[in-house]
Amino acid sequence: MATSIRGKNLDLTEDLKDFATKKVESVTKLLESVIDIRIDLSKETNHHQKGDIYKASVDIQVPGNVYHAEENAEDIKTAINRVKQELQQIIKHDKGQRDAKRRETQKAVREMKEG
């Protein structure tokens, strides 16, 4: 699993890199096999009239799918925490749909064997 972090318009310190990596990698425990993780952190001030807005964007590539989440906040660590929560929701929802489809298929196969 390769993890890459990119920063735009902000100081990407080792502390921040470690924080983001730990948060995002904790989500990967929900997945079976992860190919690649891409984390983009940026400070967006041009189109905002009041204060700095930070953006965290994460792409997690798994075989056959890419999970993407993006969040904005007034603090970079808050944006990272929010993107982690969004990724968890997306992954759990996707797993639930796959499990339901598998159960439907198993039920259909049982009905075919019985009938």
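What to note about this one:
- Beta carbons closer than 9 Å, at least 6 apart along the sequence or on distinct chains, pair a first residue in the range 70-98 that is under 20 Å from Lys22 (Cβ atoms) with a second that is of a type in the set (Asp, Glu) and in a helix (DSSP H, G or I) for Glu70/Glu86; Glu71/Glu86.
- Just one of the listed residues (Arg98, Arg82) is within 16 Å of the chain's Cα centre (by Cα) and of a type in the set (D, E, K, R), namely Arg82.
- Those strands (runs of 3 or more DSSP E) lying entirely in the range 1-92 with at least 2 residues buried (at least 18 other Cβ atoms within 10 Å of the Cβ): 36-44, 53-62, 65-73
- Cβ separations smaller than 7 Å between residues 6+ apart or across chains give the following pairs from the range 1-24 residues that are touching a residue at least 60 places away in the same chain (Cβ under 8 Å) to residues that are in a strand (DSSP E or B) and small (Gly, Ala, Ser): Leu10/Ser42.
- Matching residues in the range 10-56 - criterion: being at pLDDT 90 or above, more than 19 Å from the chain's Cα centre (by Cα) and among the polar types (S, T, N, Q): Thr13
- Considering Val24, Val62, Val34, the condition of being closer than 12 Å to Ile80 by Cα and aliphatic (A, V, I, L, M) is satisfied by Val24 alone.
The values are calculated or read from the model by the stated rules, or taken from the named source; none is laboratory data. Everything numeric in this text was worked out from a predicted model, so none of it was measured. Cβ sites come from the backbone with ideal geometry, for glycine too, and all protein chains shown count toward neighbours.
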